[in-house]
Amino acid sequence: MSERENILGRIREALKVGALVPGLHGHGQPASASPLSSPRQWLPKVGDSFDEQLALFAKNAAELKADFQLFKSADEARQAINSLRDKEKWQRVGGHSGDLTDAICPTLNLPLLRTDRPYDVHELEACDAGISECDALIAQTGTVLVTNRSAGGRALSVLPPHHVVLARRDQLVADLPAAFALLQQRYATNYPSMISFITGPSRTGDIERIMVLGAHGPKKLTIICF
Amino acid sequence: MSFVSQFKAQAQVMTGDLRHRKFIRRALRNYETVRDARKASFQDWPGARQRAAETKWQAVNHLDQHLEQFAAKLESRGTKVHWATTAAQAREIILKIVHDKQAKSVIKSKAMTSEEIHLNDALEHAGLNVVESDLGELIVQLRKETPYHIVFPSMHLTRDEISELFQRELGAAATNDPEELTMIARRALRKKYLTADIGITGANFAIAETGMISITENEGNARLTAALPKTMISLLGIEKVLPRMDDLALFLPLLATMGTGQQLTCYNTLYSGPRQPGETDGPEEWHVVLLDNHRTELLADAEQRDALHCIRCGACLNVCPIFRNVGGHTYGTTYSGPIGSVITPHLRGLQEWKHLSSASSLCGACTETCPVKIDLHHHLLQNRRNAAKQKPSFGEQTAFKLFAFAANRPTLWNFGMTMARIFQPLQGAVKGSMLDPAKAWTKTRDLPPIAPESFKAWWRNRK
Amino acid sequence: MTVTLFIPCFVDALFPRAGISMVEILERLGHKVVFPEAITCCGQPPFNSGYWDEARTVAAKVLPQLANAEAVVIGSGSCGAMLKVFYPQLFENTPQAALAKQISGRTWEFSDFLVSQLGVTDLGAKFPHKVTFHDGCHGLRELGIKKSPRALLGKVNGLELVEMSEAETCCGFGGTFAAKFPMISTAMGEVKCASAVETSAEYIVSNDSSCLMHIQGLLSRQGNPLKTIHLAEVLNQR
C-alpha cells in the first residue's frame with residue numbers, strides 16, 4: 001500500500017470518533033451543517049462609497065509606507081513616473097506588456113526588460129525598478145493584488161528594489177472577500193500559478209522587533225493610480 | 001540527562017537571567033499593543049474567532065476528503081505530490097529530489113516542518129549548501145541554534161549580538177543599526193537566490209478547493225524562493241488544509257493580527273502549480289510533500305483533535321508567562337510555548353515530554369488568546385491525566401492516595417492541621433535549607449503561619 | 001436564602017479571616033449561612049496533577065454534603081472552578097454525574113454571588129487605603145469573573161483602586177506547579193509583585209487566597225511592606 005493510502009486510512013480510522021466543535025460547548029451545530037456566510041461582517045469596516053474606500057486605501061498605504069499617488073489622467077501618471085525616473089536616476093527597468101504599461105512606459109525612454117517573455121533573471125536583478133499592472137487594489141488592507149499573469153511573472157514585483165504599480169481607479173475593490181470573489185470570477189477555470197497579496201514594501205522586524213523596509217523584496221512600493 | 005532534567009536546569013538558568021527576561025517582556029509588550037489595536041479594528045473579533053474555529057474544525061474533521069481534493073487539484077496542474085508518514089520518509093523524499101536534480105545548493109524560506117524533520121542537517125550531510133533566507137532564520141542558522149520562537153526566530157538576540165555574528169560569519173563591518181544589519185543579510189542572500197538549484201518552502205494554508213498553498217511572510221524571501229530556483233519543494237503538515245480559497249479572506253488577517261499585530265503581512269501568496277504554459281518564470285518542477293509525523297495519532301485523540309487547528313501564529317507563546325520567563329530554547333522542542341507543550345507529547349512521546357504539561361500554572365491565557373479556540377490549557381491537564389494513568393509515579397500516587405485518605409477522614413485531617421500548627425515553628429529553624437520539608441517553596445518564598453484558630457474552630461466556638 | 005459556605009482547606013488553616021468575613025457579610029445581608037464541617041478539600045491538588053481517581057475519591061465525599069444546598073458559595077475562584085467547571089468532567093460517565101452537574105449549576109464564587117445573584121454591590125464597607133486588584137486566573141478565565149470584584153471595591157468608602165499593568169497575568173502559584181517548578185513560579189511571582197509595586201498601592205486585593213499566599217510569600221521574603229488581603233476582608237471592614 002502506498003503512503004498516501006496509509007495516511008488516508010489512518011485519518012479515516014481516526015475520524016470514526018467525532019470531535020466537539022470549539023466554542024459551542026457540545027450543543028451547537030457544526031459549521032459544515034449550515035452554509036457559512038461571508039466573513040465580511042466580522043472584518044474591519046470599509047466605507048460604503050467609492051470615495052470613502054479610496055480614502056481608506058490611501059490611509060492604509062500611508063501606514064504601510066507605500067507611496068500612493070492618485071491622478072486624474074494618464075498624462076499626469078506619465079509625468080509622475082518620469083519624475084521618479086529622474087529622482088532615482090533609473091538606468092534600466094523591468095516591465096511587461098499591458099494596457100496601462102504600454103500607455104505609460106514608453107515615455108520613460110529607458111531600456112525595458114520584458115518579463116512576460118523569456119528573460120534572464122540576472123538582468124532583472126540589475127534593473128532599478130519593476131513596473132507592473134495589478135488585478136486589484138484592496139481598500140480594506142491597502143493591498144495590491146497581483147498574479148503572475150497580470151503582473152509580468154513571479155519575479156518582477158519582488159526582485160528589483162522598487163516596485164511601481166500602475167492601476168486604474170476602477171480596479172479598487174472594497175475588501176478581502178471582494179478580492180477573492182474577483183479572483184474566482186476572473187480565473188476560476190484556470191488560475192495563474194501565483195497569486196500574491198502585496199501589502200506594503202518588503203519589511204522585517206527580526207532584529208529587536210524594529211521595522212526595517214526592504215528585507216529581501218523591494219524597499220519601495222509606489223502605486224500610481226489614475 | 002533526561003529531557004525533564006534538562007528542562008529544569010535550563011529553566012533555572014533562564015529565570016535567573018533578568019536581562020533576558022526584561023528584553024523578552026519588552027518585545028512582547030510591544031506586540032500586545034499592536035495586536036490589540038488590530039483586534040479592535042475588526043467589527044466583531046469574537047465572531048471572527050468563532051468562525052475561524054468552526055472552519056478549522058470542518059477542515060480537520062473531513063481531513064481525508066480535503067487532502068484528496070487538494071492533491072488531485074495540484075496533480076492536475078503538474079505538481080508532484082508526495083506523502084510521508086515519518087520524518088525519515090520526508091527527508092528521503094526530499095533528498096531523492098535533490099539527488100535527481102544533481103543539486104548543489106538549496107535556498108529555504110521559513111518552514112517549521114523542516115525544523116521538525118531536521119531537514120537542514122540531512123541536506124548538509126548529503127553535501128549540499130543550505131541557506132535560510134528569512135532574516136531571523138538566517139541568524140539562528142549562522143549561530144547553529146534552533147528558532148527561539150515559531151514566528152520570531154531570533155527575538156532573543158540583541159542587535160549587538162547579531163552584529164558580532166555577521167562580522168564573524170559574513171565578514172561584515174561592525175554596526176548596530178538594524179537597517180544596516182538587514183542590508184548586510186540582503187546583500188549576502190541576493191546571490192544565493194540567483195544561483196540556488198532548489199528552493200524549499202513551507203506553507204501556512206493548503207486550499208483543498210483549488211489545490212493551492214498559501215505562504216504568509218513579510219520579507220519577500222519566500223516569493224523569491226518560489227520564483228527563481230528551477231525546482232521548488234514545499235513541505236507541509238497534513239493539518240494545514242482549509243476547505244475553500246475564500247476562507248483566506250478571514251484567515252490571512254487573523255494570522256497577521258495574532259502573529260505580528262499587522263492587518264496583513266506584506267506578502268500573502270498562493271501557489272497552484274509550477275510554471276504553466278505561457279508563463280515566463282517560476283520553477284519548472286514543484287514537489288509538495290505532505291507530512292504526517294504523528295499528526296494522525298493526534299487526530300485519533302478526539303479530545304485533543306482541535307490542537308490540529310493550530311495556524312502557528314505564535315499568539316499563545318506570546319502571552320504565556322512560562323514562555324516569557326524561561327524562553328523558547330528551554331523547551332527543547334520544535335514547537336515551544338503552550339501549543340508545543342500540548343502537541344510534543346503526541347509527536348515525541350508522552351512519558352518523555354509530559355513535564356512540559358506539568359510546567360504550567362494552567363492560567364489559561366493561551367486558550368483565551370488562541371484565534372482558532374484551541375482548548376490549550378485543558379489539554380495540558382488532560383496530558384497530565386493521561387500520563388498519570390499510563391504510568392503513575394509511585395511517589396506522587398502514594399502521596400495523593402494518603403492525601404485522599406486523610407481528606408476523607410475529617411478527624412484525621414483536623415488532627416494533621418493541629419500537628420502542623422504545633423510543628424510549624426520548628427520549620428522556621430531550617431527554612432529554605434535542605435532539611436526543610438517545604439524547601440521547594442521556602443527557598444524563595446515565606447510560608448504563611450498556620451492560624452491559631454482555624455475557620456472550623458471559629459465556627460464551632462460561635463455556635 | 002440559605003447559603004452553604006465552602007471553605008477551601010488552605011483558607012480553613014491559613015486564612016480563616018477570609019471565611020469569617022464571608023459569614024459576617026452574608027449574615028448581615030440577612031441570609032442564613034450553613035457550613036458543612038465534614039468537607040476538607042475539593043480534591044484539586046490530585047486533580048491538577050493528573051491523579052483523577054484520587055481526586056474523585058475526595059470529591060465524591062464532597063458531593064453529598066452539597067446535594068441539598070440552595071447555593072454553594074466559595075471565596076476562591078480556583079476551588080470555585082473545581083466545583084463548577086471540573087466536577088462535571090471528573091464525574092462524567094459515573095453514577096454521580098447528574099449530582100455533579102446539579103451542584104455545578106448552584107455554585108458561585110463569592111464576589112460573583114454578591115453581585116450577580118444577590119444584586120448587591122454596596123456593603124457599607126470602609127477601607128481608606130490605596131489598593132490594586134489581582135485577578136486569579138481560575139476566577140478570571142474559568143469562571144469569567146472580572147467586573148464583580150471591581151464593582152464591590154468601587155463602593156468601599158475611602159478605597160482607591162489603581163489597576164496594575166499585569167492585573168490579568170498569572171501570579172505563578174498554580175498549585176503543585178509552585179513546588180514542582182519553583183524557579184518558574186518564583187519568576188512569574190516576581191513579575192506580578194513588581195507590577196503591583198509600580199502602582200504604589202498599600203494592598204493587593206484578590207478573591208483568591210491561594211494566589212495571595214504565593215504573592216505574600218514573595219513580598220515577605222523580599223521584605224516588601226506591600227500587604228495582601230482577601231476581598232471579603234476588605235468588604236467586611238467597617
**Request:** Determine by what factor the alpha-carbon radius of gyration of chain B differs from 2.2 N^0.38 Å, reporting the quotient.
**Result:** 1.13
**Over segment C:26-81, relative contact order from alpha-carbon pairs under 8 Å, at least 6 apart, %** = 28 percent
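If you average the sequence gap of Cα pairs under 8 Å that are 6 or more apart and divide by the length of chain A, what percent do you get for the contact order?
Numbers: 373 pairs, mean separation 48.9, N = 226.
Rounded, it is 22 percent for chain A.
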**Asked** Which one of A:Asn148, C:Leu14, A:Ser97 has its Cα pushed farthest toward the positive end of the charge dipole of the protein assembly as shown, where Lys and Arg give +1 and Asp and Glu give -1 at the Cβ?
**Response** C:Leu14
**Fill in**
Per residue convex hull volume, Cα only, segment C:42-138, in Å³ is 114 Å³
**Request:** Once you have all Cα-Cα distances for chain C, histogram them in 5 Å bins from zero and send the whole-percent values.
**Result:** 1, 7, 14, 19, 20, 16, 11, 7, 3, 1, 0
**Prompt:** Which three semi-axes in whole Å describe the equivalent ellipsoid of segment C:109-238, each the square root of 5 times a Cα gyration tensor eigenvalue, listed largest first?
**Reply:** 24, 17, 11
**Item:** Ratio Rg/Rh [Cα only; Rh per Kirkwood] for the protein assembly as shown
**Value:** 1.01
**Fill in**
With the dipole of chain B defined by +1 on each Lys or Arg Cβ and -1 on each Asp or Glu Cβ, the option from B:Met417, B:Val131, B:Ile93 whose Cα lies farthest towards the positive pole is B:Met417
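Could you work out the relative contact order of segment C:2-117? I mean the mean sequence separation of Cα pairs under 8 Å and 6+ apart, divided by the number of residues, in percent. The partial results should precede the final answer.
Details: 152 pairs, mean separation 33.6, N = 116.
Over segment C:2-117, the number comes to 29 percent.
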**Prompt:** Alpha carbon centre of segment A:78-147 versus segment B:30-45: separation in Å?
**Reply:** 35 Å
**Prompt:** When the dipole is taken about the Cα centre of segment B:328-463, and only Lys, Arg (+1) and Asp, Glu (-1) are charged at their Cβ, what size is it in debye, to the nearest 20?
**Reply:** 500 debye
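Where nothing but the Cβ of Lys and Arg (+1) and of Asp and Glu (-1) is charged, how large is the charge dipole of chain B around its Cα centre, in debye to the nearest 20? Before the final figure, lay out each step's value.
On the way: 58 positive and 48 negative charges, 425 e Å.
Here the size comes out at about 2040 debye.
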**Request:** Identify the residues of segment A:84-100 with backbone N under 14 Å of a label point that sits 7 angstrom from the Cα of A:Asp75 along the Cα-to-Cβ direction, or state none.
**Result:** none
**Asked** Which lysines does A:Lys220 reach when only Cα atoms under 19 Å apart count, and residues fewer than 8 places away in its own chain are ignored?
**Response** A:Lys59, A:Lys65, A:Lys87, A:Lys89
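About the Cα centre, and with charges only on the beta carbon of Lys, Arg (+1) and Asp, Glu (-1), how big is the dipole of segment C:2-117? Nearest 20 debye, please.
Working: 8 positive and 10 negative charges, 27 e Å.
Magnitude of the dipole: close to 140 debye.
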**For segment A:3-19 and segment C:72-134, distance of Cα centres in Å** = 42 Å
**Asked** If one takes the longest principal axis of the Cα atoms in chain B, at what angle in degrees, from 0 to 90 and to the nearest 10, does the Cα axis of helix B:159-170 lie?
**Response** 40 degrees
**Asked** More than 27 Å apart: what percent of Cα pairs in chain A qualify?
**Response** 45 percent
**Fill in**
When all Cα-Cα pair distances of segment B:414-462 are considered, the percent exceeding 13 Å is 60 percent
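Quick note: the coordinates plus some simple rules give every number you see, no bench work behind them. Because the structure is predicted, anything quoted here is derived from the model rather than measured. A quick note on method: Cβ atoms are made from the backbone with ideal geometry, for glycine too, and the neighbour counts reach across all protein chains shown.
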